[in-house]
Structure formats: structure tokens, C-alpha cells
1. Residues of segment 211-256 being of a type in the set (Phe, Trp, Tyr) and either within 14 Å of the chain's Cα centre (by Cα) or crowded, with 22+ Cβ neighbours inside 10 Å (or both), which ones?
2. Mind telling me which of the residues Ile92, Ile46 ends up being outside the structural domain of Gly153 (by TED's automatic domain parsing) and out of contact with any strand residue (DSSP E or B) (no Cβ under 7 Å at 6 or more places or on another chain)?
3. Of all residues in segment 93-110, which are closer than 21 Å to Ile12 by Cα and hydrophobic (A, V, I, L, M, F, W, C)?
4. Residue by residue through segment 141-177, note down the ones that are aliphatic (A, V, I, L, M), in a loop (DSSP other than H, G, I, E, B) and closer than 30 Å to Asp214 by Cβ.
5. Only residues in segment 220-238 that are assigned to a loop (DSSP other than H, G, I, E, B) count as the first member; pair them with residues that are of a type in the set (Lys, Arg), Cβ under 7 angstrom, at least 6 apart or cross-chain, and list the lot.
6. For segment 48-69, give me the residue count where each residue is touching a residue at least 40 places away in the same chain (Cβ under 8 Å) and not in a loop (DSSP other than H, G, I, E, B).
7. Considering segment 6-46 alone, what residues qualify as being buried (at least 18 other Cβ atoms within 10 Å of the Cβ) and outside any loop (DSSP other than H, G, I, E, B)?
8. Taking the condition of a type in the set (A, V, I, L, M), in contact with a helix residue (DSSP H, G or I) (Cβ under 8 Å, 6 or more places away or on another chain) and within 22 Å of Ser157 (Cβ to Cβ), does Ile235 pass?
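The values are calculated or read from the model by the stated rules, or taken from the named source; none is laboratory data. The structure displayed is predicted, hence computed values, not measured ones. Note: ideal-geometry Cβ built from the backbone for every residue, glycine included; neighbour counts use all protein chains shown.
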Amino acid sequence: MIVVMDVGNTNIVFGVYDGRKLLNHWRMTTDREKTSDEFGMFLMNIFSFEKIDVSNIEAVVIASVVPPIMYSLEHAIRKYFKLEPVIVGPGIKTGINIKYENPREVGADRIVNAVAALEIYKPPFIIVDFGTATTFCAVSSNGEYLGGAICPGIKISAEALFQRAAKLPRIDLVKPDNVIGRNTVSSMQSGIVYGYVGTVDYIVKKMKKEMKEDNIKVIATGGLARLIASESETIDEINGFLALEGLRIIYEKNRQ
């Protein structure tokens with residue numbers, strides 16, 4: 001068995017694989033103040049509750065976009081799992097030809113998503129990851145990572161509106177029935193949700209034009225993918241486990 005961890009700015013999503021089968025998965029808040037013992041005991045309690053024998057875990061694979069958390073998290077893996085964590089970064093085999101001007105600038109989250117999509121889907125495709133930031137990644141029919149776009153995530157947008165506009169309240173991110181809101185809350189929900197749908201569809205359409213290829217599939221992932229995909233004209237499929245699958249595949253590529 002292996003443990004895979006996708007460390008994002010808002011949440012850490014982690015799971016346990018037995019071979020190619022995802023046995024279970026969990027989500028925890030990304031807390032930069034947590035100590036290695038707090039991380040370790042949290043993970044040990046989870047596995048104990050699920051009756052997963054930690055001695056059967058052969059590797060822990062991590063993709064992170066939160067450098068400040070890594071010292072404590074890596075130390076926790078060494079102390080409680082007696083393993084050296086595999087970190088997605090320079091020197092790790094991914095099988096992807098990255099066309100970024102500086103490939104080291106590509107976030108680990110974007111890499112693992114692309115690795116998984118290349119195994120599951122036939123390129124070309126665009127991956128839209130709805131996380132703290134929303135990322136758009138273009139992969140050509142030759143399997144080349146072309147680059148993409150990054151914009152503020154939908155939660156960041158909603159929070160900024162609340163913080164910077166004195167009379168506007170903090171709202172739940174739900175899709176209202178109508179675009180024309182009849183009160184402040186529904187008007188904000190309409191502007192944020194439907195406005196974000198428009199942003200996503202416009203960026204995807206522009207990316208498709210620049211890629212100049214046919215049959216470009218658009219795959220959505222991330223915590224808020226379903227909220228936006230339900231109204232989007234461009235998203236073809238939702239895959240909530242893209243990052244975890246990518247981590248498993250990367251481990252297999254680097255196993256020796």
C-alpha cells in the first residue's frame with residue numbers, strides 16, 4: 001500500500017492505494033502551524049480508525065504547493081511511518097515534456113494532474129483545477145505540457161468581495177436559481193457563480209483556439225468543480241481524484 005498526499009493552500013487531500021485501487025481518501029485543513037507530531041498523530045488516528053495497518057505502507061508520495069508546511073509534514077512521515085517521503089519536484093520522473101519557459105515553475109499540483117490525465121484520457125485536453133487558485137493546463141496531442149493560466153479561485157473571489165466591500169456579507173457558495181438576484185445575497189451568489197462560469201468558459205475557448213487542435217477534451221477537478229461544471233458549456237468531464245491518481249502513477253514511474 002502507498003499513501004498519496006496532495007497539499008494545497010486550503011486543504012490536504014490524501015488517500016491510500018492498494019496497487020491501482022484507491023481504498024479510501026480524506027480531506028484535512030492545511031494548517032501551516034501544525035507540528036510534525038500533530039500531523040503524525042492525526043494520520044495515525046485516521047489509519048487506526050479505518051483499520052489500516054501502517055506497517056503495510058511502503059511509501060508516502062507528496063505533491064505540495066505550500067513550502068512552509070513541508071518541514072513538519074516530512075518529519076512526521078519519517079517519525080511515524082519510518083519512511084523517506086517521495087516529493088514531486090526536480091529529479092522526479094513524470095514522463096511529461098514540459099514546454100514552460102522554466103519547467104521548475106510549474107506547480108506540483110499541475111504536474112500530477114497532467115500525469116494522471118495522460119494515462120486516463122487521450123490528449124489533447126485542458127485540465128481545469130478548482131482549488132484555492134483555479135488553474136488551466138493545456139496538453140497537446142503529443143502529450144506535451146504547453147502551459148496554461150492561473151486565476152483567483154472562486155472562494156478567494158467571494159472572500160475578497162466580503163472583505164473589501166463594507167456593506168456586503170459573507171455568503172455561502174451555492175448556485176442561485178436565477179441570474180437576476182432579488183436580494184443582496186442572491187445577487188452576490190449570482191455574480192460570483194455565474195460570473196466564474198463565464199470566466200472559465202471564456203479562458204477555455206481562447207486556449208482551444210491557441211492550441212489549434214481538434215477534439216480537445218476539458219476535464220475539471222478540485223473541490224468546487226461540480227458547482228461550476230453544472231453550468232459550464234465547455235467542461236466535458238469531472239474527475240475528483242486526478243491528483244491522487246497522478247501521485248500513484250508518479251510513484252510507479254520512480255519505484256526503482
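1. The one that is of a type in the set (Phe, Trp, Tyr) and either within 14 Å of the chain's Cα centre (by Cα) or crowded, with 22+ Cβ neighbours inside 10 Å (or both): Phe241.
2. Sole residue among the options that is outside the structural domain of Gly153 (by TED's automatic domain parsing) and out of contact with any strand residue (DSSP E or B) (no Cβ under 7 Å at 6 or more places or on another chain): Ile92.
3. Answer for segment 93-110, where residues must be closer than 21 Å to Ile12 by Cα and hydrophobic (A, V, I, L, M, F, W, C): Val106, Ala108.
4. none
5. Going by the 7 Å Cβ cut-off, the qualifying pairs are Ser230/Lys175; Glu231/Lys175; Thr234/Lys205; Asp236/Lys217.
6. Of the residues in that region, 8 qualify.
7. Once the filter is applied, which keeps residues that are buried (at least 18 other Cβ atoms within 10 Å of the Cβ) and outside any loop (DSSP other than H, G, I, E, B), segment 6-46 yields Asp6, Val7, Ile12, Val13, Phe14, Gly15, Val16, Tyr17, Phe39, Gly40, Leu43.
8. Yes; evaluated as a whole, the condition is true for this residue.
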